[in-house]
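Report on the following structure.
The values are calculated or read from the model by the stated rules, or taken from the named source; none is laboratory data. No experiment lies behind these values; they were computed from the predicted model shown. Here the Cβ is made from the backbone with ideal geometry for all residues, glycine too, and neighbour counts use every protein chain on show. Remember, those area values only see protein heavy atoms, side chains included, never the ligands or the DNA or RNA. Shrake-Rupley method; radii C 1.70, N 1.55, O 1.52, S 1.80 Å.
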Amino acid sequence: MSSRSILGAGSWGPGASVRPAAGAMADPIGPHAHELPHEVRVGLRADLAKDAGQVAACVRVGAARQPVLLLGLEASRPENAEAVRRLLTKFPMATIQTFEAAGVLSRALVNCFVGRVGLFRNQPGDELLRAADLVVTVGFSPVEYDPEVWNADDSLEIVHIDSVRMDVGYNYRPSIELTGSISATLDEFTERIP
């Protein structure tokens, strides 16, 4: 004998994930089928995809010979700047900023700061981008520094972290894209990075 329950949008809330398990262990004993609302199923898939992307990004950063953090305008929001600082405190890496991201790094992290990019292609940050094997962009928009300039041959591996999906272009095609709250994403990233 089997039992079937339908968790509608109105019944999804605190404890809803416990109810199906409790139902499966109650009388009558046997298989149970539990249907979740579409928005819950989609949300679960999105969380799993984000989790897999986080793990993949952390593995790539940990394995990179010369990872570079490229900060854009959205990284300068106070909560995002604090998350960037927490990341660099745990895992120091070479960091460059667009002119719009000025002030993200504190004096305590000056050892990570290489410079700013975006106006001319002759800055220390430009040299660093040429030597990088992985670029992690945070709150970056191609309007701030055209990828045709710094990734002309489309050879750089890019991890894109932002609150919005990126419009992919020939010279800006992230291999991993983590979208959502930048500060929350960076904090998860910081916890997982080796």
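Take residue 74: with every protein chain present and a 1.4 Å probe, its accessible area is about 50 Å².
Under a Cβ-Cβ cut-off of 14 Å, what is the net charge of the residues other than residue 106 that fall near it, where Lys and Arg count +1 and Asp and Glu count -1?
Values: positive: 85, 86, 107; negative: 82.
Residues near residue 106 contribute +2 overall.
In a DSSP loop and with at most 10 other Cβ atoms within 10 Å, the trypsin sites (Lys or Arg not before Pro) in the range 112-194 are 165. Take residue 153: with every protein chain present and a 1.4 Å probe, its accessible area is about 110 Å².
In order along the range 126-132, the phi-based Karplus estimate (6.51 cos²θ - 1.76 cosθ + 1.60, θ = phi - 60°) of 3J(HN,Hα) comes to 5, 4, 5, 4, 5, 8, 5 Hz; Gly and Pro are listed as x. Taking the charge dipole of the range 49-194 about its Cα centre, with +1 at Lys and Arg Cβ atoms and -1 at Asp and Glu Cβ atoms, the residue from 112, 80, 161 reaching farthest to the positive side is 112.
Each of residue 90 and residue 167 was given a label point 7 Å from its Cα along the Cα-to-Cβ line. The distance between the two points is 3.4 nm.
Simple spin-label estimate for residue 184 and residue 56 gives 2.1 nm between the two label positions (7 Å along the Cα-to-Cβ direction from each Cα). For residue 97, the residues whose amide H sits under 5 Å from its own are 71, 115, 116, 117, ignoring neighbours fewer than 5 places away on the same chain, with H placed 1.01 Å from N. The radius of gyration of the Cα set in the range 63-194, together with its Dmax, comes out at 13.2, 37 angstrom. Multiplying the residue separation of residue 133 and residue 110 by 0.36 nm and subtracting their alpha-carbon distance yields 6.1 nm.
So which chymotrypsin sites (Phe, Trp or Tyr not before Pro) in the range 131-167 are both in a DSSP loop and have at most 13 other Cβ atoms within 10 Å of their Cβ? Mind showing how you got there, number by number?
Working: sites: 140, 145, 150; in loops: 140, 145.
Sparse-neighbourhood loop chymotrypsin sites (Phe, Trp or Tyr not before Pro): none present.
Charges only on Cβ, +1 for Lys and Arg, -1 for Asp and Glu: so what's the dipole of the range 120-173 about the Cα centre, in debye to the nearest 20? The partial results should precede the final answer.
Values: 4 positive and 11 negative charges, 18 e Å.
Computed about the Cα centre, the dipole is about 80 debye.
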